[in-house]
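Inspection log for the structure reproduced underneath, given as structure tokens.
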């Protein structure tokens, strides 16, 4: 039985004034021990966030594929670990779209995360144009195939399906569509890593809220949620954690 995971992605939000929200979310996480909860903070808040998060792990939203070097403005795995991160997101659709990152980039970054002992949340998902063209399944399969690093297992890897068109838009796929893509993703993982696929959690992300979390988290092969805007405050995030606890 895979434990539910609810991961918050603060994106380019968060200052030290927001640390009480981290503490309040950590308190709620402790009250729901059957659910794994993490917050992926901006780099500038990781150290301070880890200081108020108690047992709740905090993470990062990206890392460079190299551990050091002449890469102005980039953050390496060892830097994240030193700051207090234990998880990192790679291949997020906003980086694939805005920073033109490829599946090969996601593969290299996932490998860097594992190399440095970080849990990795590897994202995949189609654009609205790709879905409208009937290519969603093929896009997700291709991204998994090209992004999945060697030795993938649930001990350190989580997959997140985030349709790009659902992120921050208030739109979500139907539950049937979510179940279909998650089943395809599970089958692709089994094809690539065999029985180890059964231990890899697959999260859904894209306009998850307290209002729709219960239905989404109750869908087959949905092992949790990757949450954007609704993770910025305890008021909005805690109901999603509670929904995961009921679904778990």
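The values are calculated or read from the model by the stated rules, or taken from the named source; none is laboratory data. The shown structure was predicted, so the numbers you read here are calculated from the model rather than taken from an experiment. Positions of Cβ are generated from backbone atoms using ideal geometry, with glycine treated the same way; all protein chains shown enter the neighbour counts.
The set of residues in segment 45-75 that are in a loop (DSSP other than H, G, I, E, B), out of contact with any helix residue (DSSP H, G or I) (no Cβ under 6 Å at 6 or more places or on another chain) and touching a residue at least 40 places away in the same chain (Cβ under 8 Å) comprises 57, 61, 62, 64, 66.
Looking at the structure I just gave you, is residue 96 within 19 Å of residue 164 (Cα to Cα) and crowded, with 19+ Cβ neighbours inside 10 Å? Here the answer is yes, as residue 96 does meet what is asked. Comparison of 171, 188 shows that the only residue that is surrounded by fewer than 23 Cβ atoms within 10 Å (Cβ to Cβ) and outside any helix (DSSP H, G or I) is 171.
Inclusion of residue 12 among residues that are surrounded by fewer than 23 Cβ atoms within 10 Å (Cβ to Cβ), modelled with pLDDT under 95 and part of a loop (DSSP other than H, G, I, E, B) is not warranted.
Taken together, 95, 131 contain a single residue that is assigned to a helix (DSSP H, G or I) and under 16 Å from the mean Cα position of the chain (by Cα), which is 95. Filtered by the rule that a residue be touching a helix residue (DSSP H, G or I) at 6+ places or on another chain (Cβ under 6 Å) and either at pLDDT below 95 or in a loop (DSSP other than H, G, I, E, B) (or both), segment 209-221 gives 209, 210, 218, 219, 220, 221. The listed residues are 104, 100, and the only one of them that is in a loop (DSSP other than H, G, I, E, B), over 25 Å from residue 219 (Cα atoms) and modelled with pLDDT of 95 or more turns out to be 100.
Within the option set 244, 230, 197, 225, being modelled with pLDDT of 95 or more, surrounded by 18 or more Cβ atoms within 10 Å (Cβ to Cβ), part of a strand (DSSP E or B) and in contact with a helix residue (DSSP H, G or I) (Cβ under 9 Å, 6 or more places away or on another chain) holds for one residue only, 225. Only one of the numbered conditions (1) surrounded by fewer than 22 Cβ atoms within 10 Å (Cβ to Cβ); (2) more than 28 Å from residue 199 (Cβ to Cβ); (3) over 18 Å from the mean Cα position of the chain (by Cα) is violated by residue 30, and that is (2).
The rows are residues; the columns are (1) within 17 Å of the chain's Cα centre (by Cα); (2) over 22 Å from residue 14 (Cβ atoms).
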site	(1), (2)
145	no, yes
199	yes, yes
203	yes, no
213	yes, no
216	yes, yes
227	yes, no
242	no, yes
